[in-house]
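See structure below.
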Amino acid sequence: MHYAETIVDLVGNTPLVKLNRVTDGIAATVLVKLEYLNPGGSAKDRIATRIIDAAEREGKLKPGGTIVEPTSGNTGVGLALVAQQRGYRCVFVLPDKVGEDKRNVLTAYGAEVVVTPTSVPPDHPESYYSVSDRLVSEIPGAFKPDQYSNPNGPLSHYETTGPEIWRDTDGLVTHFVAGVGTGGTITGTGRFLREQSDTVRIIGADPEGSVYSGGTGRPYLVEGVGEDFWPTAYDPSVPHEIIAVTDAEAFAMTRRLALEEGILVGGSSGMAVVAALQVAKDLPADAVVVVLLPDGGRGYLAKIFNDKWLRSYGFSNAPTGHTIANLLA
Ligand code: PMP
């Protein structure tokens, strides 16, 4: 019989698939790594496993302990999944702007959720930051992973994502492209690949306006990537280049990936593919570009995949496919 002992054992070893349509006119091979096929639906399952393993080893997390983290997204899901398997309690602090669906995913895995008002300044006692700090100090046995500074985030990608890409491309990868949020993915994966090859190029994709591509943190709509500060999980010496991508470009590509490639992913995936194609268009046929797609598109149905939402932000270039309405028009 061939089966996994627990769901956590299925984290990682995600497949690569070639892009065939959005790469029209490009000679190089462009492969995407589908992180939504992790059990919790994102690349963050990888860091959750490694962060909890390390905390146990270092005695920061003991049986019956509680994981407290301000997170609304994929990291929360990853942590909740691993915590549940190992009998830890999870308390996540979320700002009230986070949608009900995202909250419900966390509670479905057994996490507790504390909702804080978005409209108060960071030093207010009810703010996202103040509440999570207070919970950590008041809950006995509390452990705060802090994905922005935890070295086990990049390390998990150094130990798993990088080696998987090297193995699955038979060492032929020439370019690696990933979006930058905490910076853990690009730092860990990029560092591993650079150690294997002197010629591999590591390229970060960043929302236009974020600090990594020289911005000041100006708002953008794509989720999970870009920052207004420099986290220590990010090593700026790893990427050779950072490419800024606009929301409009990222969302249009996200829609095309679903429509033309059958790959339903989130906006940061579309963003990474835009950057990858920019690089790939000038490359020869023997180049192999690997792009990491961090999560799936189900969490964005009401936003990126909703024409009305896109139009409300002035994005009108979303491909809509051949709907009955189009044919009759
Ligand atoms: N995309 C999404 C949807 C994410 O949640 C994250 C994590 N913040 C990233 C991309 C970026 O990954 P990293 O934090 O490793 O830079």
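The values are calculated or read from the model by the stated rules, or taken from the named source; none is laboratory data. Keep in mind that what you see is a predicted model, and the values were worked out from it rather than measured. Heads up, the Cβs are rebuilt from the backbone with ideal geometry, glycines too, and the neighbour counts pull from every protein chain shown.
Could you please let me know if V93 is farther than 21 Å from E138 by Cα, crowded, with 22+ Cβ neighbours inside 10 Å and of a type in the set (V, I, T)? Judged against the criteria, V93 is not a match.
Residue pairs whose Cβ atoms lie under 7 Å apart, separated by 6 or more positions or on different chains, with the first residue in the stretch 181-199 and in contact (Cβ under 8 Å) with a residue 40 or more places away in the chain and assigned to a helix (DSSP H, G or I) and the second more than 8 Å from the ligand (Cβ to nearest atom) and of a type in the set (S, T, N, Q), are T185/T161; T189/T161. Would the stretch 163-171 turn up any residue that is away from the ligand (no atom under 13 Å from the Cβ), at pLDDT below 95 and of a type outside the set (A, V, I, L, M)? No, the stretch 163-171 contains no residue that is away from the ligand (no atom under 13 Å from the Cβ), at pLDDT below 95 and of a type outside the set (A, V, I, L, M). The set of residues in the stretch 200-225 being more than 10 Å from the ligand (Cβ to nearest atom), touching a residue at least 60 places away in the same chain (Cβ under 8 Å) and within 25 Å of L172 (Cβ to Cβ) consists of R201, I203.
Taken as a whole, the stretch 84-99 holds at least one residue that is touching a residue at least 60 places away in the same chain (Cβ under 8 Å), within 16 Å of the ligand (Cβ to nearest atom) and under 30 Å from L292 (Cα atoms).
Close Cβ contacts (under 9 Å, 6 or more residues apart or on different chains) running from residues in the stretch 287-306 that are surrounded by fewer than 24 Cβ atoms within 10 Å (Cβ to Cβ) and among the aromatic types (F, W, Y) to residues that are in a loop (DSSP other than H, G, I, E, B) and at pLDDT below 95 comprise Y300/E223; F305/A318.
Selection within the stretch 226-263: residues that are in contact with a strand residue (DSSP E or B) (Cβ under 8 Å, 6 or more places away or on another chain), in contact (Cβ under 8 Å) with a residue 40 or more places away in the chain and part of a loop (DSSP other than H, G, I, E, B). The member of this set that is surrounded by the most Cβ atoms within 10 Å (Cβ to Cβ) is G226. Checking each residue in the stretch 26-63 for being more than 14 Å from the ligand (Cβ to nearest atom), farther than 30 Å from V136 by Cβ and surrounded by 23 or more Cβ atoms within 10 Å (Cβ to Cβ) picks out only V30.
I'd like to check something: does the stretch 18-25 contain any residue that is of a type outside the set (D, E, K, R), more than 16 Å from the ligand (Cβ to nearest atom) and farther than 30 Å from A252 by Cα?
Narrowing the stretch 18-25 to residues of a type outside the set (D, E, K, R): 19-20, 22-23, 25.
This time we only want the ones that are more than 16 Å from the ligand (Cβ to nearest atom), so: 19-20, 22-23, 25.
Imposing the further condition that a residue be farther than 30 Å from A252 by Cα reduces the set to none.
No; the residues of the stretch 18-25 include none that is of a type outside the set (D, E, K, R), more than 16 Å from the ligand (Cβ to nearest atom) and farther than 30 Å from A252 by Cα.
The sole residue among D101, D96 that is under 19 Å from S42 (Cβ atoms) and among the charged types (D, E, K, R) is D101.
Among residues of the stretch 13-37 that are closer than 21 Å to T49 by Cβ, those with a Cβ under 6 angstrom from a residue that is part of a loop (DSSP other than H, G, I, E, B) and of a type in the set (A, V, I, L, M), sequence gap 6+ or separate chain, pair up as E35/A43.
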